[in-house]
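Please read the structure below before turning to the comments.
The values are calculated or read from the model by the stated rules, or taken from the named source; none is laboratory data. What you see is a predicted model; the values in this text were computed from it and never measured. Cβ placement follows ideal geometry from the backbone for every residue including glycine, while neighbour counts extend to all protein chains displayed.
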Amino acid sequence: MYGAVVAQFGAEILNPDKSVDRARLAELAFGQPSRIQELNEIVHPAVIQRENNWMDGIARKDLHAIAIVEAALILEARSHRRFDRLLVVTCRPEQRIERWASKMKVDFDTARREVERRMAAQLPDEDKIKAADYVIDNSGPLDLTRQRVIQVYERLQQEERVTNSRLASGGPNA
């Protein structure tokens, strides 16, 4: 994958130690919609294979485990169909900018431009929320987000127990 990304985007994405300068790659990829698609076509198959291998390993240990995969472009890549449930985590747009500025140690305007550029390559939150089985609003205090995560996890466990009992009884929808 490394070689394919460098071949597609050029050596200008490399740091002096030949590692990928993720910021530079993002700048090139998110600069034009067709470029992000080029990157996705290289990266997604490898990411999906790793996810599948990881989930297979989890299933070998516990057939009824709940595994969660984080993927920002899951709907855009149409890979959400591989999963039983879709959970969307969202927050207010200004919070995304504040968090990016803090994480990347840049000023608010720089962060705003970068967040807006990246969001332009994604479906709007409204579309993601419509497709979701569960939504977690991460706009409030961390304790509230943590509570909502626990609620969703407990609901997923409950759904798994119901599915298992149907399968065990050979009942409807088994």
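Values as computed for the structure displayed
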quantity: Only one of 98, 51, 94 that is within 29 Å of residue 133 (Cβ to Cβ), surrounded by 15 or more Cβ atoms within 10 Å (Cβ to Cβ), of a type in the set (Asp, Glu) and in the same structural domain as residue 164 (by TED's automatic domain parsing); calculated: 98
quantity: Looking only at region 99-123, and only at residues there that are touching a residue at least 40 places away in the same chain (Cβ under 8 Å) and either of a type in the set (Ser, Thr, Tyr) or in a loop (DSSP other than H, G, I, E, B) (or both), the one that is farthest from residue 46 (Cα to Cα); calculated: 123
quantity: Any hit, region 26-43, residues being in a helix (DSSP H, G or I), free of Cβ contacts under 8 Å to residues at least 12 places away in the same chain and small (Gly, Ala, Ser); calculated: yes
quantity: Matching entry among 96, 85 (being part of a helix (DSSP H, G or I) and either under 20 Å from the mean Cα position of the chain (by Cα) or free of Cβ contacts under 8 Å to residues at least 12 places away in the same chain (or both)); calculated: 96
quantity: Residue in region 115-151 that is surrounded by the fewest Cβ atoms within 10 Å (Cβ to Cβ), counting only those that are β-branched (Val, Ile, Thr) and touching a Lys or Arg at 6+ places or on another chain (Cβ under 9 Å); calculated: 135
